[in-house]
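Since the structure comes first, as structure tokens, the remarks are kept for the end.
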Amino acid sequence: MSRSRRGGSRAPLRPGAVRRYLRGMDYAKMRSIAEKLTAYAEQLEGSWNVEIGPSGPFLAMMSPSKRHEGTVRRIRNQLNAQLPATHPGYVCENGPEIEHPAIGRMRRPDAVVIPEAVLDEEGLAVDATQVLAVVEIVSPSSPDSDYGEKLAEYPAMGIAHYLIVDPRTGTIEVHSEPGQGRYRHKESYIFGDVVPFRPWAVESGGFLRYGKGDNAGS
């Protein structure tokens, strides 16, 4: 973000000034910027994702590895086999974006458990209050986001269950019981365990750790 000076020169805004500007921006304005970025991304090569994080709307290139996507598929298939018994009418899908205007966030988890009917609605994002669970597969390029920002944002959105799968280390975390902006309960597992992702169970025996060729994935 930059501002113009007389004479045509441009000077970057200091980070503190950017944060103050974004704090003063309401969610409707950030959402409008996100929609414009989405339209712009459609003109670019490759696959791009638009989210609204702590610093406001941003555009990021999506380049997940095959093992990343394979893990998402395995989890999605397992949950979709169990959801008809526990939550009829719900599905696990990789997308769309979820948003919570009150905290000024819009995210695109690797997988979400939502009512199937919302996929037929118009618009870019699903109201986070309709989301039962989210799944994130940790990427080599941005691990701090899943363990940091999102671990604070998802409970603030009221999302009951958050599954973090880390193919870098072969570990899994299950977070639940959101309250006061955090998850009050955490359980840890390793690849090969049957993971209680209550009220479901995830068999992780088929999960694979990243190889050398996966280090650039996002």
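The values are calculated or read from the model by the stated rules, or taken from the named source; none is laboratory data. Fair warning: this is a prediction, and the values are worked out from it, not measured in the lab. Backbone-built Cβ (ideal geometry, glycine too); neighbour counts: all protein chains shown. Please note that ligands, DNA and RNA were not included when accessible areas were found on the heavy atoms of the full protein model with its side chains. Shrake-Rupley method; radii C 1.70, N 1.55, O 1.52, S 1.80 Å.
Taking interchain pairs and intrachain pairs at least six residues apart, which have beta carbon atoms under 6 angstrom, with the first residue in the range 76-91 and under 14 Å from Leu132 (Cβ atoms) and of a type in the set (Gly, Ala, Ser) and the second open to solvent by 50 Å² or more (accessible area, probe 1.4 Å) and not in a helix (DSSP H, G or I)?
none
Can we say Ser139 is assigned to a loop (DSSP other than H, G, I, E, B) and either touching a Lys or Arg at 6+ places or on another chain (Cβ under 9 Å) or among the small types (Gly, Ala, Ser) (or both)? Break it down stepwise before answering.
On the way: assigned to a loop (DSSP other than H, G, I, E, B): yes; either touching a Lys or Arg at 6+ places or on another chain (Cβ under 9 Å) or among the small types (Gly, Ala, Ser) (or both): yes.
Judged against the criteria, Ser139 is a match.
What is the one condition in (1) under 16 Å from Arg74 (Cα atoms); (2) modelled with pLDDT under 90 that Ile172 does not satisfy?
(2)
When only residues in the range 77-98 that are of a type in the set (A, V, I, L, M) and under 15 Å from Pro109 (Cβ atoms) count, which is most open to solvent (accessible area, probe 1.4 Å)?
Restricting to residues being of a type in the set (A, V, I, L, M) and under 15 Å from Pro109 (Cβ atoms), the top hit is Val91.
Are any residues in the range 162-173 open to solvent by 10 Å² or more (accessible area, probe 1.4 Å) and in a strand (DSSP E or B), and if so, which ones?
Thr171, Glu173
Take the residues in the range 176-214 that are among the aliphatic types (A, V, I, L, M) and under 23 Å from Tyr90 (Cβ atoms); name whichever of them is most open to solvent (accessible area, probe 1.4 Å).
Checked the range 176-214; the qualifying residue most open to solvent (accessible area, probe 1.4 Å) is Val194.
Which residue is farthest from Ala85 (Cα to Cα), if the candidates are limited to the range 98-122 and must be within 15 Å of the chain's Cα centre (by Cα) and not aliphatic (A, V, I, L, M)?
Among them, the one singled out is Gly104.
With respect to Val134, is the statement that it is on the phi < 0 side of the Ramachandran plot, outside any loop (DSSP other than H, G, I, E, B), surrounded by 23 or more Cβ atoms within 10 Å (Cβ to Cβ) and not aromatic (Phe, Trp, Tyr) true?
Against the criterion (on the phi < 0 side of the Ramachandran plot, outside any loop (DSSP other than H, G, I, E, B), surrounded by 23 or more Cβ atoms within 10 Å (Cβ to Cβ) and not aromatic (Phe, Trp, Tyr)), Val134 qualifies.
Please find, among Val131, Val202, Val195, Val174, the residue that is in contact (Cβ under 8 Å) with a residue 12 or more places away in the chain and under 19 Å from His100 (Cβ atoms).
Result of the check over Val131, Val202, Val195, Val174: Val131.
For the range 180-213, enumerate the residues that are among the hydroxyl-bearing types (Ser, Thr, Tyr), assigned to a strand (DSSP E or B) and farther than 24 Å from Leu83 by Cβ.
Matches in the range 180-213: Ser188 only.
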